[in-house]
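No lab work stands behind these numbers, since they all come straight from the coordinates. Nothing here was measured: the structure is a model prediction, and the numbers come from that model. Neighbour counts run over all protein chains shown; Cβ positions are idealised from the backbone, glycine included.
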Amino acid sequence: MAGILSYGAYIPYYRLPRSVIGKAWGQPGARGEKAVANYDEDPVTMSVAAGMDCLKGIDPKTVDALFMATTSAPYKERQNSTIVAAALDLRRQTRHADYANCLRAGTIAMLSAVDAIEAGSAKSVMVTAADMRLGGASGANEQAFGDGGAALLLGKGKVIAEIEASYTLSDDFADNWRAHDDIFVRTWEERFGLDEGYRKIPAEAAAEVMKKCNLAPKDFAKACFYGPYARRHGELGKVMGFEPAQIQESLLDTVGNTGAALPLMVLVGALEEAKPGDRILLVSWGSGADALVLRVTEEIEKIRDRRGIKRHLEMKRTLDNYEKYLRWRGLVPLEAAARPEKVPPSMPSLWREHAWAMPLYGVKCKKCGTPQLFLSAESSRPRICVECHARDEFEPYKFADKLGTVTTFSHDYLALSSDPPNTVTVVDFEGGGRGSFEMADRDPDECKVGMSVEMTFRKIFFTKGIHNYYWKCKPVRE
Amino acid sequence: MQGIKDRVAIVGMGCTKFGERWDASADDLLVEAAYEAFEDAGIGPDDIQAAWLGTTSSGNTGMLLSEPLRLGYIPITRVENACATASEAFRNASYAVAAGIYDIVLAIGVEKLKDSGISGLGGGQASPSHQLSAESTAPGSFALLATTYFARYGLSFEEGKHMIGRVSWKSHRNGALNPKAHFRKEVPMETILNAPMIAWPLGLFDCCGVSDGSAAAIITTPEIAKRMRKDPVHVKALQLCVPPRDGNVTTKYDYSHFPASVRAAQAAYKEAGVTNPREEISMAEVHDCFSITEAVTMEDLGFSPRGKVKDDIESGFFDLDGGLPVQVDGGLKCFGHPIGASGIRMIYEMYKQFQGKAGARQLKAPKLGLTHNLGGLPSGCVLFAGIFGLPEA
């Protein structure tokens, strides 16, 4: 029986209290806070972060497919999941697909993965779900929506949770939508969307899947399901027949409504605390509903080292500055910087380098054993060893999963940055090798020579429709 | 290897007023510098047999020089080696004379930076590439040196800031005495220390200015020079060191010195026969693009022991009245850095000092002077070191 082999999650470092948003607009702020992706993050980078968490201790070369779910993909043409797969170091022979445009995309991707595994066309499939939907400034959606992601590795064998059954209802019930040229999600009157749709259709799917398995709400340790905000989330739990203690923490007051990622993030939260034998119900909502029944196995004890939801919730910094959020989302026209315009990357050059640069490979010299991360203005592939000068005698050497130490840094107030000052660093890696990186998610005052950093996949800049992804470093916070 | 010592001489030099020359194009700057040099040498443009033109971004080909000067059909080489471009033009011109190919040549550098509309250096149009490198600026890249230097030698932020601030304070005092400098004002230490951060830990006064300018030299053989004027200046050493830009690849680099500086300086000392630079060098113009660059360069050149430059800076050893005056003309700090011109501007101060024409900045009987001109970033930069002196030195 197909099931979950591993899980991971990602929640951005910054949290914006809803009171700060309310204050900016002279409105009452809703309760809690929302997770805010940095300006250099998007569903692609958050999928990579969740995927790295999920693949801890697992060889990425064993994964057969990657399905990425999001409603806010950075590219409308160009497969986003293939960028994620490249950064995660999956094989070129793997199948990728973007599951898009639907708040239910995460569970649809999961069910497709289960089908592929059951059909024998893939042994293991990674499903990532990440979202950063935009609500119009000053509106209710702006306060409700948060950013984040989750990743599940699905397969057979030593699963941590079996997927016992599923039930799907498709229904073109549209209370949220976004047309091709819309920046913000549009929402119909809440009473229609929530009373007629959200309270009824997911509950129907949940009831049907339980009926299918001869199970009742009392048989479940946890119910994990999507919710627009906390009060409505609680209501649906009750309608479905669950006691408050059975309802898995919705994340709506701490992370916000992360759209297509939310059901999977809530599920990861449940798996972190699950015991062998627990049954978990997973319900999504959006153009219908999916309901899945999962049963946790003994294997769950072996993957307690994920950052998942719990540790990511602890790693945070409060943004007390709403203007910074507006800047990060490009919602205010800014004075042009008195700096040269960014030159767009050359597509042939990026393509030449991408097999090396996207998964952050350097080389190790076969002659002298020196690891080296090469990045000249022209290339990321060294030809001559920096130490022994041997020519083309290298084996690939991965840096993305290595920790490093800051050898030197500067906070550059002149450089172009949406989170000034731009912190530039030189990082020496554990095991050898050095590279120059911008530092993300840092408080300038915490930067010290000798501090420990890890690598994070980010967007270096965006220009002329090109999201130029590469790696930055960030402080190790656990 | 014969080396360059006493094989070529400078018989004329010119240097424009450096600054925000809203009034002048690159053409105007070239004419201004070249004609001052012609007049100083007592020759005309028709006497020039070949020329080397240094510029990084103000134009292409030798015609950038021949067109405004209407030089007729002589060989002109356009030279680029980042911020060491002018020194490189001078070096190549000198070699052509030393090789006996030409008798009289012109080395000239120019940069027109202030037409760009941006602050700092633009870096020019990058060639199409992956553009994956971290966003960087010149101050951000050189600030890396200060962070590491402070940490490595146990300087508190305040001690380090004061040390590099004192470097700029000294240069501003010198620049105030120089009519050709861009900034001609003494700046109090308090102002320097409290200036806005540009790239932490470097503040505004730790950064050199951005200016327009041009500087030129007429180079000939020592024999011809002797006939042309009574006070020619001899070239004693010209060294260029180009590293493999490996500072951000190998963990062996410490980010608190310039390996290429050390090598270029050692080679120049050998070429000129200098054994104790701290004693034998009378004055130096070094590449103070940032205050920290000058500080570590004092160690790289062997003027101060490694890790100890603070003592020499704070005691005034490099001041105009100190044991080894550095940035006598005000340096990049006060001249700004029109990239393709700066290296020859440094030589211009040497030349005037040896001739006793440095006005209020005049040193007493200097014997040997050193110029140091680097191009690139701490992770890798081309390095020029030159030594100049009177024929008998």
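The amide H of A:LEU403, built 1.01 Å from its N in the peptide plane, has A:GLU430 as neighbours under 5 Å, considering only residues 5 or more places off or on other chains.
Taking the longest Cα principal axis of chain A as reference, the axis of helix A:201-212 is set at about 80 degrees. Across all directions, the average flat footprint of the convex hull enclosing the Cα atoms of chain B is 18.2 nm².
Cα-based values for the stretch A:232-350, radius of gyration first and Dmax second, are 20.6, 61 Å. Give me the distance between the Cα centres of the stretch A:23-37 and the stretch B:152-177, rounded to whole Å. Comparing the Cα centres of the stretch A:23-37 and the stretch B:152-177, I get a distance of 46 Å.
Site pair A:GLU196 and B:TRP22 shows an inter-label distance of 6.6 nm when each label is modelled 7 Å from Cα along Cα→Cβ.
Using only side-chain charges placed at the Cβ, +1 for Lys and Arg and -1 for Asp and Glu, the dipole size of the stretch A:3-328 relative to its Cα centre rounds to 560 debye. Excluding same-chain neighbours fewer than eight residues apart, the lysines reachable from B:LYS185 by a Cα-Cα span under 26 Å are B:LYS17, B:LYS112, B:LYS114, B:LYS161, B:LYS170, B:LYS310, B:LYS333, B:LYS352, B:LYS357, B:LYS364.
Rounded, prolate or oblate: which one fits the stretch B:46-123, using the alpha carbon gyration tensor with axes a ≥ b ≥ c (rounded when a/c is under 1.5, else prolate when a/b beats b/c, else oblate)? Judged from the Cα gyration tensor, the stretch B:46-123 comes out oblate (a/c at least 1.5, b/c at or above a/b). Partnerless cysteines in chain A, where a partner means another cysteine C-beta under 4.7 angstrom, comprise A:CYS54, A:CYS102, A:CYS213, A:CYS224, A:CYS447, A:CYS473. Computed from Cα positions, the angle between helix B:342-354 and the longest principal axis of chain B comes to roughly 70 degrees.
Considering all different alpha carbon pairs of the stretch A:56-102, the Kirkwood hydrodynamic radius works out to 11.1 Å. Counting only Cβ charges, +1 for Lys and Arg and -1 for Asp and Glu, the dipole size of the protein assembly as shown around its Cα centre is about 980 debye. Within the stretch B:185-279, the proportion of C-alpha pairs whose separation exceeds 21 Å stands at 67%.
The spread of Cα positions in chain A, taken along each principal axis and listed from longest to shortest, comes to 69, 55, 38 Å. The distance separating the Cα centre of the stretch A:269-293 from that of the stretch B:311-390 comes to 73 Å. Each residue of the stretch B:310-317 was assigned a 3J(HN,Hα) from its phi angle through the Karplus expression (A = 6.51, B = -1.76, C = 1.60, θ = phi - 60°), giving 3, 4, 5, 5, 5, 7, x, 4 Hz with x at Gly and Pro.
Take the Cβ atoms of A:VAL343 and A:ARG178, set R0 to 45 Å, and the FRET efficiency comes out at 0.90.
In what order do B:HIS257, B:HIS130 fall by count of nearby beta-carbon atoms within 10 Å, going from fewest to most?
B:HIS257, B:HIS130
Charge tally around A:LYS238: other residues with Cβ under 13 Å, Lys/Arg +1 each, Asp/Glu -1 each, net +1.
Rounded to the nearest 10 degrees, the angle from helix B:85-98 to the longest Cα principal axis of chain B is 40 degrees. For the stretch A:3-328, the residue among A:ALA116, A:ALA85, A:PHE67 whose Cα projects farthest onto the positive side of the dipole built from Cβ charges is A:ALA85. What is the dipole size for the stretch A:375-472, taken about its Cα centre, with +1 at each Lys and Arg Cβ and -1 at each Asp and Glu Cβ, in debye to the nearest 20? It comes to approximately 360 debye.
With Cα atoms as the point set, the radius of gyration and Dmax of the stretch B:236-366 evaluate to 14.9, 47 Å. Each residue in A:HIS467, B:HIS172 was given a count of other beta-carbon atoms within 10 angstrom of its own, and listing them fewest first yields A:HIS467, B:HIS172. Comparing Cα centroids, the stretch A:331-354 and the stretch B:241-265 end up 29 angstrom apart.
For chain A, adding -39500 (n - 2.57) for each run of n ≥ 4 DSSP H residues and dividing by the number of residues yields -6500 deg cm²/dmol at 222 nm.
Counting only Cα atoms, the protein assembly as shown measures 111, 62, 52 Å along its principal axes, largest extent leading. Which of A:LYS56/A:LYS316; A:LYS310/A:LYS459; B:LYS308/B:LYS367; A:LYS156/A:LYS367; A:LYS324/A:LYS398; A:LYS123/A:LYS222 have a Cα-Cα distance over 30 Å? Going by Cα-Cα distance, A:LYS156/A:LYS367; A:LYS324/A:LYS398 fall outside the 30 Å limit. Relative contact order of chain A, taken over Cα pairs closer than 8 Å and 6 or more residues apart, is 17 percent.
Stokes-Einstein diffusion for the stretch B:238-301 at 25 °C, viscosity 0.890 mPa s, with a Kirkwood radius from C-alpha pairs, works out to 191 µm²/s.
The relative contact order of the stretch A:310-418, computed from alpha carbon pairs under 8 Å that lie at least 6 residues apart in sequence, is 23 percent.
Residues A:THR405, A:THR425 in ascending order of nearby Cβ atoms (within 10 Å, fewest first): A:THR405, A:THR425.
The alpha-carbon atoms of the stretch A:347-475 define a convex hull whose volume equals 110 cubic angstrom per residue.
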